[in-house]
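To start, the structure itself, in structure tokens.
The values are calculated or read from the model by the stated rules, or taken from the named source; none is laboratory data. Since the structure is predicted, the reported quantities are computational estimates derived from the model, not experimental observations. Glycine gets a Cβ as well: all are built from the backbone with ideal geometry, and neighbour counts include every protein chain shown.
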Amino acid sequence: MRFKLTIILLLLNITLISFIYYIDKSANTEKFFTEEGNLVFQPGIVENCDSLIIENKQEQLTWKLVRNNNDWQIEKPVEWPANIFAVRRIINQLTFLEKVTEFDVDDIKKSGQSLSDYGLSEPNAVISLINNNIKTTIKIGETTEIGRRLYVLSPDESRILVINRDILDSISIGLEELKSQKIFDIPLFEIQSLNIQLYKPDSVTVQLSKNENGWSFESPIQTEADTSSVIATINSLTSLNVDSFIKADYDLQGLTNPSMRLTIQGDNRKLTVKLGNLISENKRQKKYYGMLENNPTVFILSAQPFEVLKEAQVNLRDKTFIKCNWDELTSIDIEVSDKMITLQKLETGIWNVLEKIDKGELIVWEADSNLVQGIINAFTKLEVLKFITDAPAENDLEKYGIKSPHRKITIHADKDLEVLIGDMDFKNKLRYVKLNSEPYIYQIKPFLLHMLKLNALHYRQRTLNEQPTSAKVQKLTIKELNKGITILAQDFDVESDNLISTLSDLDDKKRNAVVELLNSIKTFEVKEYLRYQFDEEFKLDKKTNLPWKYRFDAVILLPSGNGKEIVNKTYFFTDRVGGTTQYGGSPDDDLTFTLTQKLIDALFTVTFTPESIIPDKKNKE
């Protein structure tokens, strides 16, 4: 019994659900047919139309728009791409255009009225849709007295429909709004080439093409382009808008014989713009007349991106002309005539400087890694400031000092590059340069030549002598040679690390100076090397004699296997020459050099105002 009751309840539920579904479906179906029956245009007519014609009788203006795949083009009153959003708004409103009510034309005629009473004999606007040569038209008449709606004559002209006036607002859109403001609508990722034809003052064609490595010039020369600059220029072109459309007068506007013709080639399409006369000379508001190829419409546009293209082979050219894999750099040769300096990188990453001297003897020093890195950085950042010639004649090589260069630099990396540094252009303060493997002559900043000196000492490690960290300075003495006096004679407790107590009799300024002298003795650095030799009498040049004024002696205690080893270091210094220059020499190393600023300042503090002067007994006797 209980089982039968369950079956009966289940059947009743199924029947009830089926009834509800049927009622709901019937209601939705009725609603669908009711809504569809209220539409002015039958489904598919608007959304599938090939052309849309809007005749504004009040303004006596006819717009004809033609579908081109998914885009729309204006054919009348001008030929121009349409603003796709404005067109879609009109299409959308026409698709869902509904009537509020309707009545038969025959009925109004029976009542003594005519189409003119509703403004439909001479309508304010006419909208026509063409699909496969089949034309569907509605005419828009006057506004209703109540509700501010519109009278519309149906496509078959048998009924007068009453609709909301939203559609009139849509088709009353200004022509400038209906036109697309974009000139180039090819997206950046599709663009494959730029072709720039210049006619004034000379006829030149510049061709740029995209490749797997970026962008390059195909003509008038074949060389690499600055990809980032090309992309920036293309972006400025594709974002360029029409300022305004004007009536065509091709001769007056310079479009019969344009100054430039720019073609942007995409994957499957291309666009060409012709540039006419300059309208405004104002640098911030330069504008040109322009028109698209095979399109009669004339417009005004900004000059900014086209100014770059006028000298594209300069503005868009890759200005980094030294290209190699710097991670594979092994050596740099610096030479002129028969003299050569080589900077050589060891497997450890340390750099050496090599030079052949008398009788072919090779000298090798550890190079200053900071200085070498500075040279490498200068090469990697080196840019062309001016392109002089792309096809130099033999007399050009002589004229610019390339035939007998001031320096020939050979960079040994993944490939060998020879850089020839020529004469100076004193007017522009630039220097001529050329790669031996390429015909082009450039101009660069002149600083590179000053870095590439033909003196091996220039590249030598600036630390002349370095003591181990365990070394202790036992005594420091400074003598003024011309007066025969000892300015400083200081003993230090090598068992103590407290220098402050050892120098307690000195004021803070002099104490700090002595500490700096101690640091200099342990790690003696020079600012710049002058020559390989040390002479008892220092001569800066043939005319300038600078006698040694100070003798600087240090007694250094070094730990060794046998206990302790004593090392004596002696340096000679001239008087200070200006605020930043003082010369020194090392008889032990047979070298002459200039001092670092720290050492100059410390020596000056100690020697300028001595508080105690100890006579040199040997000189006194």
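Summary of values
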item	result
Among (1) part of a loop (DSSP other than H, G, I, E, B); (2) under 48 Å from the mean Cα position of the chain (by Cα) - the single one residue 89 does not satisfy	(1)
Tally, over segment 155-168, of residues that are part of a loop (DSSP other than H, G, I, E, B) and in contact (Cβ under 8 Å) with a residue 12 or more places away in the chain	5
Count of segment 214-245 residues which are in contact with a Ser or Thr (Cβ under 9 Å, 6 or more places away or on another chain) and over 28 Å from residue 321 (Cα atoms)	5
Residues of segment 481-514 satisfying the condition of being among the aliphatic types (A, V, I, L, M) and either more than 12 Å from residue 606 (Cα to Cα) or modelled with pLDDT under 90 (or both)	481, 485, 494, 499, 500, 503, 506
Residues located in segment 388-412, provided they are touching a strand residue (DSSP E or B) at 6+ places or on another chain (Cβ under 7 Å) and within 30 Å of residue 328 (Cα to Cα)	402, 405, 406, 407, 408, 409, 410, 411, 412
Of residues in segment 391-419 being closer than 18 Å to residue 449 by Cα and polar (S, T, N, Q), the one surrounded by the fewest Cβ atoms within 10 Å (Cβ to Cβ)	404
Flag if residue 366 is surrounded by 14 or more Cβ atoms within 10 Å (Cβ to Cβ), out of contact with any helix residue (DSSP H, G or I) (no Cβ under 9 Å at 6 or more places or on another chain) and more than 28 Å from residue 225 (Cβ to Cβ)	yes
Condition check for residue 341: over 32 Å from the mean Cα position of the chain (by Cα), closer than 24 Å to residue 405 by Cβ and touching a residue at least 12 places away in the same chain (Cβ under 8 Å)	yes
Those residues of segment 418-430 which are assigned to a strand (DSSP E or B) and either in contact (Cβ under 8 Å) with a residue 24 or more places away in the chain or acidic (Asp, Glu) (or both), in sequence order	418, 419, 421, 423, 425, 430
Evaluation of residue 37 against (1) surrounded by 10 or more Cβ atoms within 10 Å (Cβ to Cβ); (2) modelled with pLDDT under 80 (one fails), failing number	(1)
Single match in 272, 233, 256 (criterion: in a loop (DSSP other than H, G, I, E, B) and on the phi < 0 side of the Ramachandran plot)	256
Of all residues making up segment 58-83, the number that are surrounded by fewer than 15 Cβ atoms within 10 Å (Cβ to Cβ) and basic (Lys, Arg)	1
Hits in segment 44-63 - residues which are outside any strand (DSSP E or B), without any contact (Cβ under 8 Å) to a residue 24 or more places away in the chain and either hydrophobic (A, V, I, L, M, F, W, C) or at negative phi (or both)	59
Residue in segment 511-529 that is in a loop (DSSP other than H, G, I, E, B), without any contact (Cβ under 8 Å) to a residue 24 or more places away in the chain and surrounded by 15 or more Cβ atoms within 10 Å (Cβ to Cβ) present	no
Top-ranked residue in segment 539-560 [being touching a helix residue (DSSP H, G or I) at 6+ places or on another chain (Cβ under 9 Å) and aromatic (Phe, Trp, Tyr); ranked as farthest from residue 476 (Cα to Cα)]	550
Some residue of segment 470-480 being under 52 Å from the mean Cα position of the chain (by Cα), touching a residue at least 40 places away in the same chain (Cβ under 8 Å) and surrounded by fewer than 18 Cβ atoms within 10 Å (Cβ to Cβ)	yes
Filtered residues of segment 216-238 (kept if hydrophobic (A, V, I, L, M, F, W, C) and without any contact (Cβ under 8 Å) to a residue 40 or more places away in the chain)	232
Residue 453 vs. criteria touching a strand residue (DSSP E or B) at 6+ places or on another chain (Cβ under 9 Å), within 28 Å of residue 573 (Cβ to Cβ) and modelled with pLDDT of 90 or more	yes
Count of residues meeting criterion [out of contact with any helix residue (DSSP H, G or I) (no Cβ under 9 Å at 6 or more places or on another chain) and either over 30 Å from residue 356 (Cβ atoms) or without any contact (Cβ under 8 Å) to a residue 40 or more places away in the chain (or both)] in segment 439-467	7
Test for residue 283: is it out of contact with any strand residue (DSSP E or B) (no Cβ under 6 Å at 6 or more places or on another chain), at pLDDT below 90 and at negative phi	yes
Flag if residue 459 is at pLDDT 90 or above, crowded, with 20+ Cβ neighbours inside 10 Å and under 22 Å from residue 373 (Cα atoms)	yes
The lone exception for residue 507 - which of (1) more than 51 Å from the chain's Cα centre (by Cα); (2) within 30 Å of residue 454 (Cβ to Cβ) it fails	(2)
Residue that is farther than 30 Å from residue 246 by Cβ and either in a strand (DSSP E or B) or touching a helix residue (DSSP H, G or I) at 6+ places or on another chain (Cβ under 6 Å) (or both), where the choices are 152, 66	152
Among the residues listed as 66, 78, the single one being touching a Ser or Thr at 6+ places or on another chain (Cβ under 8 Å), modelled with pLDDT of 85 or more and of a type in the set (A, V, I, L, M, F, W, C)	66
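Condition check ((1) buried (at least 16 other Cβ atoms within 10 Å of the Cβ); (2) basic (Lys, Arg); (3) under 28 Å from the mean Cα position of the chain (by Cα)) across all residues:
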position: 250; (1), (2), (3): yes, no, no
position: 253; (1), (2), (3): yes, no, no
position: 273; (1), (2), (3): yes, no, yes
position: 288; (1), (2), (3): yes, no, yes
position: 294; (1), (2), (3): no, no, no
position: 301; (1), (2), (3): yes, no, yes
